[in-house]
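Trainee: Sending over a structure as structure tokens; questions will come in a sec.
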Amino acid sequence: MEAITDKNFTIVRAKLSEQIADRLEDMILNEELEDSEKLPSEQTLAENFNVSKNVVRESLNTLKERGLVETRNGAGNYVTKPKADNLSDVISRMIVLDNIDYRQIYDTRIVLETSACRRAAMRITDGELAKLEKLHKRLQDKNLPIRKRRSIDLDFHVAIAKASGNNLLVVLIQAMRNIIQDVMFLEKDIETWDSVDEAIQFHRDILDGLSAHDPAAADKAMHAHLEKAMKNVERSL
């Protein structure tokens, strides 16, 4: 690992912890500190930056909030990549603070997921189709617990996003799904919603459009699926 401090880095005494967090973030983004690399101990970092361990601890907490560092029990602090959950937390706060309603949330999801579907239809591989078929087969098990069905459904939608070839779409779709799952859905509501058979058919229609490499059909099927999901939310509210 390269030296943490260098001649171009100078600490200004205001907000030390934020400056150190920014310096470490720069090193992570520039790959001077690599993904999964263990950071030096708090004591070593404190000595390198000539600050107290408390300041270092605050810096590390800031990096954890940014999704760039994780603490592993008994093993120390490690560099990590931000996850969709980090973005979900930020968007969830914005939804509350800006009074964004479920219609806008679903409208955004429709824009993202129909776009992903169209792109995926044009480039999806046999291997990716096989994975979707396997997920769809698992969804046909009507005895699946609600949480498990929800998880498999998420995997299905994320797999389509990955097949689109756009990694940012994957992150955004995963974040939106997390928000809808964790904030808007109640298990008791899902149990009273439309039959599992209908949900299975929606996913079948999407998969058929993708298998035919037909962007318009895949877009239409995804749009119908999400429009119905939004109506279910309206009914529950």
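The values are calculated or read from the model by the stated rules, or taken from the named source; none is laboratory data. Since we're looking at a predicted model, the values are computed, not measured. Cβ: placed from backbone, ideal geometry, glycine included. Neighbour counts: every protein chain shown. Side chains are part of the model used for accessible areas, which takes the heavy atoms of the whole protein and leaves out ligands, DNA and RNA. Shrake-Rupley method; radii C 1.70, N 1.55, O 1.52, S 1.80 Å.
Trainee: Which value, in debye to the nearest 20, gives the size of the charge dipole of the chain about its Cα centre, when Lys and Arg are +1 and Asp and Glu are -1 at the Cβ?
Mentor: Working: 35 positive and 41 negative charges, 79 e Å.
Its charge dipole is roughly 380 debye.
Trainee: Could I ask something else about it? Is segment 129-181 rounded, prolate or oblate when judged by the Cα gyration tensor, a ≥ b ≥ c being the square roots of its eigenvalues, rounded requiring a/c under 1.5 and prolate requiring a/b larger than b/c? Let's see the in-between values first.
Mentor: On the way: a/c = 4.87, a/b = 1.38, b/c = 3.53.
Cα axes put segment 129-181 in the oblate bin.
Trainee: Of the residues L29, L135, L172, which exhibits the maximal mean-square fluctuation in a Gaussian network model of the chain defined by a 10 Å Cα contact cut-off?
Mentor: Result for the chain, Cα springs under 10 Å: L29 fluctuates most.
Trainee: Given a 1.4 angstrom probe, I'd like the percentage of the accessible area of segment 64-192 that is carbon and sulfur, rounded to a whole number. Please list the in-between numbers first.
Mentor: Values: 3730 of 7400 Å².
C and S fraction of accessible area: 50 percent.
Trainee: Shifting gears a bit: Taking a threshold of 28 Å on the Cα-Cα distance, which of the pairs K134/K228; K81/K142; K81/K220; K64/K228 fall above it?
Mentor: Values: K134/K228 24 Å; K81/K142 36 Å; K81/K220 34 Å; K64/K228 37 Å.
Result: K81/K142; K81/K220; K64/K228 exceed 28 Å.
Trainee: Once you sort the root eigenvalues of the Cα gyration tensor of the chain as a ≥ b ≥ c, which label holds: rounded (a/c under 1.5), prolate (a/b larger than b/c) or oblate (the other case)? Let's see the in-between values first.
Mentor: Numbers: a/c = 2.63, a/b = 2.12, b/c = 1.24.
Judged from the Cα gyration tensor, the chain comes out prolate (a/c at least 1.5, a/b above b/c).
Trainee: Give, in nm to one decimal, the length gained when the segment between E65 and R103 is fully stretched (0.36 nm per residue of separation minus the Cα-Cα distance). Don't skip to the answer; put the middle values down first.
Mentor: Numbers: separation 38, 0.36 × 38 = 13.68 nm, distance 2.88 nm.
Extra length from E65 to R103 when fully extended: 10.8 nm.
Trainee: Would you look at the GNM of the chain, springs on alpha carbons closer than 10 Å, and say which of K15, K81, K148 moves the most?
Mentor: Evaluated over the chain, the most mobile residue of the options is K15.
Trainee: Farthest toward the dipole's positive end in the chain, which of L87, L135, N167, given Cβ charges of +1 (Lys, Arg) and -1 (Asp, Glu) about the Cα centre?
Mentor: Looking along the dipole axis, the top candidate is L135.
Trainee: So between N167 and D208, what do we pick up on full extension, going 0.36 nm a residue minus the alpha carbon distance?
Mentor: Numbers: separation 41, 0.36 × 41 = 14.76 nm, distance 2.32 nm.
Full extension of this stretch gives 12.4 nm more.
Trainee: Compute the accessible area per residue over the chain, keeping the other protein chains in place, probe 1.4 Å, unit Å².
Mentor: Values: 13450 Å² over 237 residues.
Here the per-residue accessible area is 57 Å².
Trainee: Give me the angle, in degrees from 0 to 90, between the Cα long axis of helix 126-139 and the longest principal axis of the Cα atoms of the chain, rounded to the nearest 10.
Mentor: Tilt of helix 126-139: around 70 degrees.
Trainee: In addition: Provide the per-residue ³J(HN,Hα) series for segment 165-177, in order, calculated from phi with Karplus coefficients 6.51, -1.76, 1.60 and θ = phi - 60°, each as a whole number of Hz, with x at glycine and proline positions.
Mentor: Result, rounded to whole Hz: x, 10, 5, 5, 4, 4, 4, 5, 5, 5, 5, 5, 5.
Trainee: If I fit a long axis through the Cα atoms of helix 16-29 and take the longest principal axis of the Cα atoms of the chain, what angle between them do I get, 0 to 90°, rounded to 10?
Mentor: 60
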